[in-house]
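Bear in mind that the values in this text are calculations on the coordinates, not laboratory data. Keep in mind that this is a model prediction, so the values were computed, not measured.
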Amino acid sequence: TELLPPVLEIEGRLEAKRADDYLCGLQWSKKSDVSVLALTPYDNRAAFDQIFDYFASRGRYAVIGKGRGMSSIVKDVYITPVGPGHNLPPHINLLEYNTLDPNVPERMLVVTFVVNKPEHWDNPVVPDAPQPVGASPVNGNGTHGPQFSPRPPQGFTPMQNGHAHQQQFGGIPPNPYSAQSPVSGQPYSAPNSGAGAYPSPSPQLPPHPNPMVHSILGPLAHTPVVAQILSAAGNNVEEHVLLNMRDILANDPAARDDLGIFSQRLANVGSHGQQG
């Protein structure tokens, strides 16, 4: 309750694809938490629908400004409109604790906020406790989220019947996007017609500091998704994680360029492992 002010001010909008890639990439970080509030109308349906319709019709996330009353550890806050019959945002599937119904029963606004963890949160009682899969220290945590398009400030009061879901990720990965944000969404380029073949390694890229990356992934080590993951994890990725990455990227060419697709495939691998 001390993280967010009573009124959230919307200061811009961000293409859903960019926001999804950024939020999904946080699962390989170590110095941040991601929490989610699922909000439904409380006492002002008209205002709720106005915000919902504005961003849903444009395929955008609302970007919340860091105004008065916002905790200093809050780094980014986004609002996502999700209607009945639509899928939850992909980063929801990566939450460690998630009780949101995937069959969305009614309109809701999903508020996602990224929090920089204080250092003492990383000090476990047992010094040698294992880290979460793929979580590694990241050099620095001052990188900001993707740039967004500004819009006139608009106040938004969080409803009191929201539900919180939290997942510990890690440090903010470097922002892979340029400072320019298109006003309208650009279609994501499809894989090449020869998508079944491995991508050719780029001669301009230096060898990875982690020798297992090349030995396990081979030419897949130079795909955009691998670059994002290794950047977030500081190149410290365990062998079994790289093996999972190789299987996913080899079997689904679209996952090589789209972090959202890759994260969904990885979540499916985890759920199958738990069932087994």
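How big is the convex hull of the Cα atoms of region 1-79, per residue, in Å³? Each step should come with its number before you reach the end.
Details: hull volume 8.0 nm³, N = 79.
Dividing the Cα hull volume of region 1-79 by its residues yields 101 Å³.
Using 0.36 nm per residue, how much length does the chain from residue 252 to residue 58 gain when fully extended, once their Cα-Cα distance is taken away? Each step should come with its number before you reach the end.
Values: separation 194, 0.36 × 194 = 69.84 nm, distance 2.87 nm.
In short, 67.0 nm is gained.
Amide H to amide H, which residues 5 or more places from residue 8 or on other chains are under 5 Å from it, using H placed in the peptide plane?
Here 156, 157 satisfy the definition.
Relative to the present Cα-Cα distance, how much length would full extension add between residue 42 and residue 9 at 0.36 nm per residue of separation? Provide the component values of the computation, followed by the final result.
Values: separation 33, 0.36 × 33 = 11.88 nm, distance 1.79 nm.
So the chain would gain 10.1 nm between residue 42 and residue 9.
Taking a quarter of the surface of the convex hull around the Cα atoms of region 211-275, what do you get in nm²?
Numbers: hull surface 16.3 nm².
Taking the Cα atoms of region 211-275, their convex hull projects to 4.1 nm² on average.
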